[in-house]
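Inspection log for the structure reproduced underneath, given as structure tokens.
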Protein chains: 2
Amino acid sequence: MSISIERAWAALSEMDNVLVLTHAVPDGDAIGSLFALYLALKKMGKRVFVHTDRVPALMGYAVVPEAYGNGEPDYVVTVDVGDKKLLQKEDRERYGDRVDLNIDHHGTNVMFAKETYVDPSASAASEALFDIFTYGGLELDASIAACLYTGVSTDTGCFRYANVTPKTLRVTACLLETGIDAAGLNTLLFETKTRPYVRFERAAMNALKVSADGKIALMVITQDMYRDAGIDEADTQGINALPRTIEGVLAGLTLKEKENGVFHASVRTKPPLIASDICAVFGGGGHRYAAGCEFGTDLEEAKTKLLCEVRKAIDAIPEQ
Amino acid sequence: MSISIERAWAALSEMDNVLVLTHAVPDGDAIGSLFALYLALKKMGKRVFVHTDRVPALMGYAVVPEAYGNGEPDYVVTVDVGDKKLLQKEDRERYGDRVDLNIDHHGTNVMFAKETYVDPSASAASEALFDIFTYGGLELDASIAACLYTGVSTDTGCFRYANVTPKTLRVTACLLETGIDAAGLNTLLFETKTRPYVRFERAAMNALKVSADGKIALMVITQDMYRDAGIDEADTQGINALPRTIEGVLAGLTLKEKENGVFHASVRTKPPLIASDICAVFGGGGHRYAAGCEFGTDLEEAKTKLLCEVRKAIDAIPEQ
């Protein structure tokens with residue numbers, strides 16, 4: 001069970017010499033909540049440092065270089081981590097079993113820490129942190145607010161997704177009132193593409209094929225495409241969203257060649273088609289409308305098997 | 001000078017047999033505020049009807065079919081119209097000089113109506129309408145809220161731009177509380193592309209050329225590209241944003257062949273480069289970082305003239 005917000009604030013207040021961690025391959029909410037908590041604990045007069053394995057290409061502004069200290073912490077806090085197995089390998093091995101406090105917003109949190117504050121109604125871990133800071137009366141400055149804004153805006157797709165509640169918007173209004181340049185942050189987070197990404201996206205769009213009367217869109221991504229574009233595979237996650245954006249498409253499929261030759265399928269669907277059911281046939285899983293699975297075969301066989309299963313699922317939709 | 005919010009509400013309350021109009025080639029705020037005001041006046045027990053020349057491909061849900069009445073109105077109200085010359089031709093000729101009330105948010109409003117309520121701090125005409133409805137105590141239902149949401153979200157680029165204020169977010173929180181499916185609306189407004197648009201965008205991306213050490217990105221759009229993609233030119237406005245999204249690009253240029261053979265240039269820049277200065281050289285103009293101009297020459301000459309002027313402007317930037 002989640003601890004109360006009172007207890008979460010009290011726990012933070014009691015700590016000193018704190019290490020803050022987040023999940024591996026961190027996204028905007030991980031980076032935002034990590035550095036927001038770092039700055040807040042600093043402001044509370046604590047000794048504090050952070051570890052993180054990488055920072056997404058355009059999120060450098062959130063990073064506080066001197067936050068990367070080292071040494072042995074007395075307390076370990078994690079943010080935006082639903083399960084200790086999501087920690088980066090080294091962090092997991094050193095600290096996975098001794099996390100004092102975990103602050104999160106995933107309904108699926110497995111409560112691996114000594115104490116867990118989890119609010120599944122929060123759009124982002126950063127929104128949960130805002131609540132704790134506000135409860136404790138911590139005055140938010142623009143640096144902390146910019147980190148929290150990064151978390152909320154990236155986890156909500158810039159306020160597009162169903163996890164945006166009226167409270168999310170009111171919290172964001174308070175963040176804007178600290179004087180942050182939200183539009184400037186959004187330009188970086190949502191409107192700027194690196195040149196390698198533009199080259200990669202062009203190649204991906206050229207590889208897009210629509211079939212089944214416009215109901216299926218399939219994109220095949222090969223290792224050659226990463227190489228030709230000069231891009232790190234980890235910076236191309238967003239491309240999976242592309243095939244489903246086409247009007248009339250019920251199943252947006254991305255088949256990605258991994259370094260070991262295995263093909264990973266990302267399956268995104270629109271109702272009534274269930275992505276996780278399709279992926280379950282191949283031993284995969286995920287969310288209702290966004291799931292994944294793997295194929296240890298060559299590309300043609302992976303394509304045929306996946307398309308065949310998707311067509312079966314589409315044919316099984318009752319006529320309206 | 002703008003009338004007060006009290007007077008705006010009183011003016012709406014006094015009217016009956018009202019025609020509501022908006023600007024030509026309406027965008028989301030035009031369509032949203034048009035139908036929101038239609039529904040609100042209906043709810044207030046008025047006879048009311050609307051005119052509009054077209055509705056963007058994915059915005060049909062906001063349209064109330066029976067709103068398109070005809071006949072002779074006793075009152076004419078316009079929404080989101082900064083100048084009567086922006087009205088669609090027929091509306092302008094029939095009603096341009098007899099608009100009783102204009103509700104707007106453009107700081108540049110020329111006050112062409114008998115009474116004008118304009119709030120330049122509002123992100124959208126829909127936000128100004130929300131304020132008037134709230135002042136009057138009109139209870140917002142989900143249909144009105146969905147229209148207002150459409151206006152606010154499209155005019156702010158889904159809450160990305162600098163016109164989002166803390167108040168904009170608090171207004172949007174109230175709209176969500178009526179129970180609208182904001183995430184579903186956003187999927188339509190921001191994540192769905194028609195198949196012709198996907199074909200068009202692919203061709204446009206393939207036509208993108210970066211020069212001047214990555215500081216200039218130029219895209220040439222021809223009439224053939226519209227024809228090949230099977231798309232209406234009016235449904236391709238969004239493409240102008242593409243060249244400037246590339247990291248490091250200071251000038252994102254789009255040269256579009258018009259039906260009469262003239263080339264229209266869209267110039268989007270990042271600070272310190274001023275788009276309106278560049279376009280002024282060719283008799284054009286616009287905003288500081290988004291402006292336009294025209295070339296009555298062939299493509300090669302238009303390209304050369306524009307690129308030459310942009311390079312000059314870039315070379316004139318002081319070294320930092």
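The values are calculated or read from the model by the stated rules, or taken from the named source; none is laboratory data. Keep in mind that what you see is a predicted model, and the values were worked out from it rather than measured. Methodologically, a virtual Cβ is constructed for each residue, glycine included, from the backbone with ideal geometry; neighbour enumeration extends over all protein chains shown. To get the accessible areas, we keep the full protein, side chains included, count just its heavy atoms, and leave off ligands, DNA and RNA. Shrake-Rupley method; radii C 1.70, N 1.55, O 1.52, S 1.80 Å.
Just to be sure I understand: of the beta bridges DSSP finds with both ends in chain A, what percent are antiparallel, rounded to 5? About 50 percent, rounded to the nearest 5. Per residue, the solvent-accessible area of the protein assembly as shown (1.4 Å probe, heavy atoms of protein chains only, all protein chains present) comes to 42 Å².
Determine the relative contact order of region A:5-189: mean sequence separation of Cα pairs under 8 Å and six or more apart, normalised by residue count, in whole percent.
Numbers: 349 pairs, mean separation 44.6, N = 185.
The normalised contact order for region A:5-189 reaches 24 percent.
Once B and A are treated as a pair rather than alone, how much accessible area drops out, both sides summed, in Å² to 100, probe 1.4 Å? Counting both chains, the buried surface is close to 3400 Å². In this rough spin-label picture, where each label sits 7 Å from Cα along the Cβ direction, the residue B:90-residue A:93 distance is 7.5 nm.
Of the beta bridges in region B:195-315, as assigned by DSSP with both residues counted there, near 75 percent are antiparallel.
For chain B, give the percent of accessible area contributed by carbon and sulfur heavy atoms, probe 1.4 Å, rounded to a whole number.
On the way: 6850 of 13450 Å².
Ligands and nucleic acids excluded, carbon and sulfur reach 51 percent.
For a test of the definition: using alpha carbon positions, the gyration tensor, and the 1.5 limit on a/c, classify region A:1-104 as rounded, prolate or oblate. Taking the square roots of the gyration eigenvalues as a ≥ b ≥ c, region A:1-104 is rounded.
Within the shell defined by Cβ-Cβ distances under 15 Å, the residues around residue B:143 carry a net charge of -3, with Lys and Arg each +1 and Asp and Glu each -1. Summarising the strand pairing of region B:5-189, around 5 percent of its internal DSSP beta bridges are antiparallel. Shielding by partners for peptide A:209-217, expressed as the average number of C-beta atoms from other protein chains within 10 Å of each residue's C-beta, is 1. Inter-chain neighbour count for A:154-164: the average number of beta-carbon atoms from partner chains within 10 Å of each residue's beta-carbon is 5.
At a temperature of 4 °C and a viscosity of 1.567 mPa s, determine how fast region A:275-319 diffuses translationally according to Stokes-Einstein, using the Kirkwood radius over alpha-carbon pairs as Rh; express D in µm²/s, rounded to the nearest whole number. For these conditions, the coefficient is 118 µm²/s. What share of all Cα pairs of region B:126-269, in percent, falls into each consecutive 5 Å distance bin? Once binned at 5 Å, the Cα pair distances of region B:126-269 give 2, 9, 15, 15, 14, 13, 12, 10, 7, 3, 1, 0. Sorted from nearest, the other copies put their residue A:166 label points 1.9 nm away, the label point being 7 Å from Cα in the direction of Cβ. Relative to the longest principal axis of the C-alpha atoms of chain B, give the angle of the C-alpha long axis of helix B:142-155, reported between 0 and 90° and rounded to the nearest 10°. It is inclined by approximately 30 degrees. Taking B:62, B:207, B:30 as the candidate residues, the one with maximal mean-square fluctuation in a Gaussian network model of chain B, Cα springs under 10 Å, is B:207. Structure remark: mean-square fluctuation, Gaussian network model of chain B, C-alpha springs under 10 Å; the largest value among B:296, B:136, B:28 belongs to B:296. Using all pairs of distinct alpha-carbon atoms, the Kirkwood hydrodynamic radius of the protein assembly as shown works out to 27.0 angstrom. When you restrict to C-alpha pairs under 8 Å that are six or more residues apart and normalise by the size of region B:195-315, the relative contact order lands at 18 percent.
Looking at the square roots a ≥ b ≥ c of the eigenvalues of the Cα gyration tensor of region A:1-51, which shape do they give, rounded for a/c under 1.5, prolate if a/b is larger than b/c, or oblate? Taking the square roots of the gyration eigenvalues as a ≥ b ≥ c, region A:1-51 is oblate. The Rg/Rh ratio for region A:195-315 is 0.95, where Rg is the radius of gyration of the alpha carbons and Rh is the Kirkwood radius. Among the GluC sites (Glu not before Pro) found in region B:262-320, those both in a DSSP coil and sparsely packed, with 10 or fewer other Cβ atoms within 10 Å of their Cβ, are B:319. Using a 7 Å projection from Cα along Cα-to-Cβ, the label point at residue A:94 is separated from the same position in the remaining copies by 7.4 nm, smallest value first.
Once the partner protein chains are put back, region A:180-208 shows a loss of at least 40 square angstrom of accessible area, versus the chain by itself, at A:183, A:191, A:193, A:195, A:198, A:202, A:205, A:206 (probe 1.4 Å, ligands and nucleic acids excluded).
For region A:5-189, the Kirkwood estimate of the hydrodynamic radius, built from every pair of different alpha carbons, is 16.0 Å. For residue B:223, neighbours were defined as the other residues whose beta-carbon sits under 11 Å from its Cβ, and their charges (Lys and Arg +1, Asp and Glu -1) total -2. Note on chain B: helix-only mean residue ellipticity at 222 nm, from DSSP H runs of 4+ residues weighted -39500 (n - 2.57) and normalised by residue number, equals -11000 deg cm²/dmol. For region A:1-89, the relative contact order works out to 41 percent when only alpha carbon pairs closer than 8 Å and six or more residues apart are counted.
Shape class for region B:104-198: oblate, because the ratio a/c of the largest to smallest gyration tensor axis (alpha-carbon atoms, square roots of eigenvalues) is 1.5 or more and b/c is at least a/b.
Straight Cα distances below 18 angstrom link residue B:256 to the lysines B:209, B:303, B:305, with same-chain residues fewer than 8 positions distant left out. Near residue A:84, which aspartates and glutamates are there with a Cα under 14 Å away, not counting those fewer than 8 places off in the same chain? Correct list for residue A:84: A:93, A:97, A:100, A:104, A:115. Among the cysteines of the protein assembly as shown, those whose beta-carbon sits 4.7 Å or more from every other cysteine beta-carbon are A:147, A:158, A:174, A:308, B:147, B:158, B:174, B:308. The base-10 log of I(q)/I(0) for chain B, evaluated at q = 0.09, 0.11, 0.15 Å⁻¹, reads -0.52, -0.76, -1.23 [Debye formula, identical scatterers on Cα atoms, solvent excluded].
Between the helical axis of B:299-315 and the longest alpha-carbon principal axis of chain B there is an angle of about 90 degrees. Summing charges over neighbours of residue A:297, with a neighbour being any other residue whose Cβ is under 11 Å away from its Cβ, gives -2 when K and R count +1 and D and E count -1. Separation of region A:34-74 from region B:147-195 is 33 Å, based on Cα centroids.
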